[in-house]
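The values are calculated or read from the model by the stated rules, or taken from the named source; none is laboratory data. As the structure is a computational prediction, the values presented were derived from the model and not from experiment. So basically every Cβ, Gly included, is an ideal-geometry build from the backbone, and we count neighbours across all protein chains shown. In case anyone asks, the SASA skips ligands and DNA or RNA and just uses the protein heavy atoms, side chains included. Shrake-Rupley method; radii C 1.70, N 1.55, O 1.52, S 1.80 Å.
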Amino acid sequence: MPKIRAATVAEHRQLQQAALLDAARVLLAEGGREALSFGALAARAGLARSSVYEYFRSKSELVEALCAVDLPLWAAEIEAGMAACDGPAERIEAYVRGQVALATDPVHRALVAVAEYELDDAARARIRAAHTGLTALVVRTLEELGHTGPAVAASLLQGVVEAAVRQIERAREAADVPEIADAAVRFALDGLRSGAAGTAGADADSGSGAG
């Protein structure tokens, strides 16, 4: 049993669990999803492999613990960026750029990948609940823009973000990332402004499409 380095056993366990999560982040950053194993985790943390099971019964439990700690922090960063903006359009831009920036974080990318592989539907639902506040903030921002269907628009906006993230994952050079981010912001804001303006213009132009 590892030597207790805290005032109580409970505090020791909290510190040890936090150390294991830090070790997991290092493994994810260095080697991606495939690098995260209990053997590697034990070696990184300086523990026997059997000791890791005292804190996490399975790899899925470890991944869910990482998500429960890190995803709300990342969401809070995006929310803080939005809150620092003056107008709704600027807040939408901050929302898009914040998520695109996360896509370049190796720990975030690897954690999302391993969560998709390791977690079941119930665990994913618990993780998504951590994003409820951020989603509500986006909906309120879209309402400020005068969008007629803010909830639907928020889902479509997230689709734009996810498409940008996929493009970043395929990008060959880091220099491509700002260009992808700029394109995602333009696409999102142009589409949202169109929705906020209503459908009258689209109806008027409906006969001038293909054909």
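The residues on offer are 139, 100, 165, and the sole one that is under 22 Å from residue 82 (Cβ atoms), in a helix (DSSP H, G or I) and at pLDDT 90 or above is 139.
Can you tell me which residue in the stretch 127-139 is least open to solvent (accessible area, probe 1.4 Å), limited to those that are over 14 Å from the mean Cα position of the chain (by Cα) and within 24 Å of residue 109 (Cβ to Cβ)? Residue satisfying both the conditions and the ranking: 138.
Please go through the stretch 140-159 and give me each residue that is open to solvent by 30 Å² or more (accessible area, probe 1.4 Å) and farther than 16 Å from residue 90 by Cβ, ordered by number. 148, 151, 152, 155, 156, 158, 159, listed by residue number. Would it be correct to say that residue 63 is part of a helix (DSSP H, G or I) and open to solvent by 30 Å² or more (accessible area, probe 1.4 Å)? Criteria not met by residue 63. With respect to the conditions (1) of a type outside the set (S, T, N, Q); (2) closer than 30 Å to residue 139 by Cα; (3) exposed (fewer than 14 other Cβ atoms within 10 Å of the Cβ), residue 34 falls short on a single one, namely (2). Hey, can you tell me all the residues within the stretch 6-31 that are closer than 15 Å to residue 70 by Cβ, open to solvent by less than 20 Å² (accessible area, probe 1.4 Å) and free of Cβ contacts under 8 Å to residues at least 40 places away in the same chain? Residues satisfying the conditions are 23, 27.
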